[in-house]
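**Student:** Sharing a structure, written as structure tokens. Questions coming.
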Amino acid sequence: MTQFNPSVLPQSASIYVAGHRGMAGSAIVRRLQAEGYRRIITRTHAELDLIDQRAVAEFFRAEKIDAVFMAAARVGGIHANSTYRADFIYENLMIECNVIQAAFTSGVERILFLGSSCIYPRSCPQPMREEYLLSGYLEPTNEPYAIAKIAGIKLCEAYNRQHGTHYRSVMPTNLYGPNDNFDLENSHVLPAMLRKFHLAKLAGQGDREGIRRDEERFGPIPKDVREALPRVRLWGTGVSRREFLHVDDMAAACVFVMQLSDEQYAQACGGGEISHLNVGCGQDKTIRELAEMIRAAVRFEGDVVWDSTRPDGMPQKLLDVSRLSGLGWSPRVELAYGIGHAYEWYRSRTSRDG
């Protein structure tokens, strides 16, 4: 097991977590706090707009920052990626460029950039190894987002090669857990399913007040979802396969990678063969299997309808995590337990006492 190297990220370090209110960023903050880090710097969007280049530069000049976890991003599922293509590429590119350049100019020693498994080609061999990056065409439904994330990896790589910085990148698989996005117009598959099953359960029970509270907390219910109630209507055929990682495991992996020595990280990256590491569990499920797991967690007994006119996305997205596991890291949260935990977090936000 690779050991913590206190000289790389000492507990006295001043650490900025960009996107601390999101699912990934909030989990990283929790993990850092659990490991004894106390000098954690955060800013809300209202306090610091990361798309504003001048504001970001002024922020880094004013703060003494030793390390940055870049978890801020515009994210969403197939619908959001297909609908807001310009927003996804523009906002993510601006965030990456502004933060990395301002951090470099102000002398920040270490950055960990969070990418996405959608960076890999649509017809990528499975499981997807790090060296498959840029080896083929991207999935059309999320191409703008994927291009922005690839640019983030290459920014870190280019700064390292030109300036000798210590910027690292990790590519997490599909994440889920506390503080996930349950907006049905913009969310990813797992939280969207959780909410759809929960709403259908409430509808079957005739719990209009519960549906009202849910909509008040997590946003409007789209017309097609509402019209399907008390059934659950899901996109696609359910045959595509996806890998899912609890966000607390992702956060543990991020801190683990940031604590690696330069030699350990370089060795994991094949001595410069690649410039990022995959983060996942190495196991996938079909979307139908996922739906059944969520059905069981929600205890929904109604009907499920699959809308095959809707896209499935990439046929399979399974990461090869052998490089990270070779360092001794492995996830701890089993999927069924994690789904139940995520559902309880979600349900607690709409309960009468929540």
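The values are calculated or read from the model by the stated rules, or taken from the named source; none is laboratory data. Since this is a predicted model, take the numbers as computed values, not measurements. Cβ sites come from the backbone with ideal geometry, for glycine too, and all protein chains shown count toward neighbours.
**Student:** Based on what the data block shows, is Tyr265 surrounded by fewer than 22 Cβ atoms within 10 Å (Cβ to Cβ) and under 24 Å from Leu229 (Cβ atoms)?
**Tutor:** So Tyr265 does not fit the description; no.
**Student:** Within the stretch 319-347, which residues are at pLDDT 95 or above and out of contact with any helix residue (DSSP H, G or I) (no Cβ under 8 Å at 6 or more places or on another chain)?
**Tutor:** Those that are at pLDDT 95 or above and out of contact with any helix residue (DSSP H, G or I) (no Cβ under 8 Å at 6 or more places or on another chain): Val321, Ser322, Ser325, Ser330, Glu334, Tyr337, Gly338, His341, Glu344, Trp345.
**Student:** If you don't mind, another one. Residue check: is Val255 modelled with pLDDT of 95 or more, assigned by TED's automatic domain parsing to the domain that holds Arg217 and either surrounded by fewer than 18 Cβ atoms within 10 Å (Cβ to Cβ) or not in a loop (DSSP other than H, G, I, E, B) (or both)?
**Tutor:** No; evaluated as a whole, the condition is false for this residue.
**Student:** Suppose we filter the stretch 194-247 for residues that are among the β-branched types (Val, Ile, Thr), in contact with a strand residue (DSSP E or B) (Cβ under 9 Å, 6 or more places away or on another chain) and not in a strand (DSSP E or B); how many remain?
**Tutor:** 4
**Student:** Could you pull out the residue among Phe59, Phe69 that is buried (at least 16 other Cβ atoms within 10 Å of the Cβ), over 18 Å from Pro172 (Cβ atoms) and at pLDDT 95 or above?
**Tutor:** Exactly one residue qualifies, and that residue is Phe59.
**Student:** Yes or no: Glu131 in the same structural domain as Ile51 (by TED's automatic domain parsing), touching a residue at least 40 places away in the same chain (Cβ under 8 Å), acidic (Asp, Glu) and crowded, with 17+ Cβ neighbours inside 10 Å?
**Tutor:** Answer is no for this residue.
**Student:** Could you say whether any residue in the stretch 206-218 is aliphatic (A, V, I, L, M) and touching a Lys or Arg at 6+ places or on another chain (Cβ under 8 Å)?
**Tutor:** no
**Student:** Looking at Leu260, Leu324 in this structure, which one is buried (at least 16 other Cβ atoms within 10 Å of the Cβ) and not in a helix (DSSP H, G or I)?
**Tutor:** Working: Leu324 fails: not in a helix (DSSP H, G or I).
Result of the check over Leu260, Leu324: Leu260.
**Student:** Further, regarding this structure: How do the pairs read when you match residues in the stretch 82-109 that are farther than 14 Å from Ala72 by Cβ with residues anywhere that are of a type in the set (S, T, N, Q), using Cβ under 7 Å and keeping only pairs 6 or more apart or on different chains?
**Tutor:** From the stretch 82-109, the pairs are Ser82/Thr141; Phe104/Thr165.
**Student:** Look at Glu273 and say whether it is modelled with pLDDT under 95 and not in a loop (DSSP other than H, G, I, E, B).
**Tutor:** On the way: modelled with pLDDT under 95: yes; not in a loop (DSSP other than H, G, I, E, B): no.
Considered against the rule, which asks whether it is modelled with pLDDT under 95 and not in a loop (DSSP other than H, G, I, E, B), Glu273 comes out as no.
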